[in-house]
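Notes follow the structure.
Just so it is clear, none of the values below were taken in a lab; they were calculated from the coordinates. This one's a predicted model, so the numbers in the text were calculated from it and none came from an experiment. Ideal geometry is used to build each Cβ from the backbone, glycine not excepted, and the neighbour counts take in all protein chains shown.
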Amino acid sequence: MADEVRAYQKYIRQTPRKLRLVADLVRGRRLLDAETQLEFVERRAARAVGAVLKQARANALAAGLTEASLMIQRLVVEEGPRLKRWRAVSRGRAHPFVRKMSHLKVIISGKMIASEKKITQAEKNKGDVSSKGSKGSKDRTRKEREGR
């Protein structure tokens, strides 16, 4: 059974169109191959995509997934807010321009490490009879502990 881990980067000060060019190169690949490929891409967007993939890998390892089994399930570039600005031109006029931002969302899937599978509290207490039985010394009064 494969588990999924997510990573987000919001408000990247680069246009979504430029980020999508780099995202299309690594979408659907193994995570290690994608990070290697991004090292050789000479675009500023490669740094942003690489940072999100690094964050996703850290999240996956913290969740107990094996590094070799990690695959990029989804890599989505969405439009963020736009900053509307003005540039001064001749004859006292102004021309508008827009600074665009992007949001990057990565979903990584992989296999769980066999020795670190999550065990629920019910499974832990299944064979444990003494979990409810004896009370600790904190629950008894001082007289009971001293035998008075």
Self-check item: Distance between modelled label sites at R43 and V89, nm, 7 Å Cα→Cβ extension
Solution: 2.9
Quiz prompt | Length gained when the stretch A62-A114 is fully extended (0.36 nm per residue, less Cα-Cα span) | solution = 17.3 nm
Self-check item: Where labels lie 7 Å past Cα in the beta-carbon direction, separation of M71 and R13 in nm
Solution: 3.8
Quiz item: So if we plug the beta-carbon distance of F97 and D3 into 1/(1 + (r/R0)^6) with R0 = 35 Å, what FRET efficiency do we get, rounded to 0.05?
Solution: 0.20
Quiz item: For K105 and L32, what does the FRET efficiency come to when R0 = 25 Å and r is the distance between their Cβ atoms, rounded to the nearest 0.05?
Solution: 0.80
